[in-house]
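See below for the structure under consideration.
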Amino acid sequence: MINYLWAFMIVAAFIIAVINGKTAELSEAALISVKDAALMCLSLIGAYSLWLGILNIAKKSGLTEKMAKALSRIIRYVFSGIREGSRAISYIALNISANILGMGNAATPFGLKAMQELQALNPDKSKASDAMCMLLVVNSTSIQLLPLTVIALRSAAGAKNPADIVITTFLATIVASITGIASAKILEKRKNKQ
């Protein structure tokens with residue numbers, strides 16, 4: 001669906017530019033935007049490489065297993081239906097850790113692996129389990145201790161103090177996470193009563 005929306009916007013922009021005789025401006029704006037997007041991607045490569053490398057080192061060194069063990073009680077409470085020792089716990093811990101560091105794109109592979117593990121534990125393969133729904137909530141509302149991606153984007157855009165959003169982002173994401181988890185737990189209990 002989103003592909004159709006993007007295609008519509010591109011075609012509409014082209015048609016409007018032709019009607020208004022602004023095809024030269026459209027071409028210039030497109031080229032400038034492509035250049036800006038490429039420069040932004042290059043500026044983010046360093047931050048992503050660093051944190052992805054650190055997360056992979058943590059995984060290979062066993063640190064993630066220790067984190068998963070430390071977080072396992074909380075994760076098993078929040079994510080109902082996960083057995084102790086499940087690999088889903090370590091993937092969820094990695095996903096949460098990457099999200100806390102503001103590396104949403106780095107968290108995605110761990111979230112996908114966690115979702116695969118949760119699907120393997122799911123008794124009804126045709127429906128998402130409560131734990132799978134909770135993973136979506138936690139991932140969507142993730143607490144951002146260090147919003148590194150946003151800081152890198154603000155830095156690339158020339159902000160004077162790119163990190164001045166840390167406290168407000170942290171507070172807003174805590175409220176969002178508490179609200180999301182509480183709402184999911186209430187709906188989970190309501191569903192289980194039926």
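The values are calculated or read from the model by the stated rules, or taken from the named source; none is laboratory data. These figures come from a predicted structure and were not determined experimentally. Every residue, glycine among them, receives a Cβ derived from its backbone with ideal geometry; neighbour counts consider all protein chains shown.
For segment 117-131, the condition holds for no residue, the condition being that it is touching a residue at least 12 places away in the same chain (Cβ under 8 Å) and under 29 Å from I167 (Cα atoms).
The selection criterion, being more than 15 Å from L148 (Cβ to Cβ), aliphatic (A, V, I, L, M), loosely packed, with under 12 Cβ neighbours inside 10 Å and out of contact with any Pro (no Cβ under 8 Å at 6 or more places or on another chain), holds for A38. For segment 171-194, taking the residues that are of a type in the set (S, T, N, Q) and part of a helix (DSSP H, G or I), the one that is nearest to L101 (Cα to Cα) is identified as T173. When we screen L5, L26 for residues that are surrounded by 12 or more Cβ atoms within 10 Å (Cβ to Cβ), more than 30 Å from E117 (Cβ to Cβ) and free of Cβ contacts under 8 Å to residues at least 24 places away in the same chain, the only hit is L26. Considering segment 138-162, the residues that are over 14 Å from the mean Cα position of the chain (by Cα) and of a type in the set (A, V, I, L, M, F, W, C) include one that is surrounded by the fewest Cβ atoms within 10 Å (Cβ to Cβ), namely A157. Of all the listed residues (I89, I54), the sole one being assigned to a helix (DSSP H, G or I), under 18 Å from N105 (Cα atoms) and hydrophobic (A, V, I, L, M, F, W, C) is I54. Within segment 66-87, none of the residues are within 30 Å of P162 (Cβ to Cβ), under 19 Å from the mean Cα position of the chain (by Cα) and not basic (K, R).
For segment 49-71, filtered to residues that are modelled with pLDDT of 75 or more and among the polar types (S, T, N, Q), the residue that is farthest from T149 (Cα to Cα) is S61.
Can you tell me which residue within segment 119-137, out of those that are small (G, A, S) and part of a helix (DSSP H, G or I), is surrounded by the most Cβ atoms within 10 Å (Cβ to Cβ)? Show your work before the answer.
Residues of segment 119-137 small (G, A, S): 120, 126, 128-129, 131.
This time we only want the ones that are part of a helix (DSSP H, G or I), so: 120, 131.
Values: A120: 11, A131: 25.
Applying the filter and picking the extreme gives A131.
Being without any contact (Cβ under 8 Å) to a residue 12 or more places away in the chain, within 30 Å of I186 (Cβ to Cβ) and of a type outside the set (S, T, Y) is a property that holds for K69. Among the conditions (1) surrounded by 15 or more Cβ atoms within 10 Å (Cβ to Cβ); (2) farther than 26 Å from M40 by Cβ; (3) modelled with pLDDT under 90, the only one that I181 does not satisfy is (3).
Would a scan of segment 94-104 turn up a residue that is more than 19 Å from A176 (Cβ to Cβ), surrounded by 15 or more Cβ atoms within 10 Å (Cβ to Cβ) and under 14 Å from the mean Cα position of the chain (by Cα)? Checked segment 94-104: at least one residue is more than 19 Å from A176 (Cβ to Cβ), surrounded by 15 or more Cβ atoms within 10 Å (Cβ to Cβ) and under 14 Å from the mean Cα position of the chain (by Cα).
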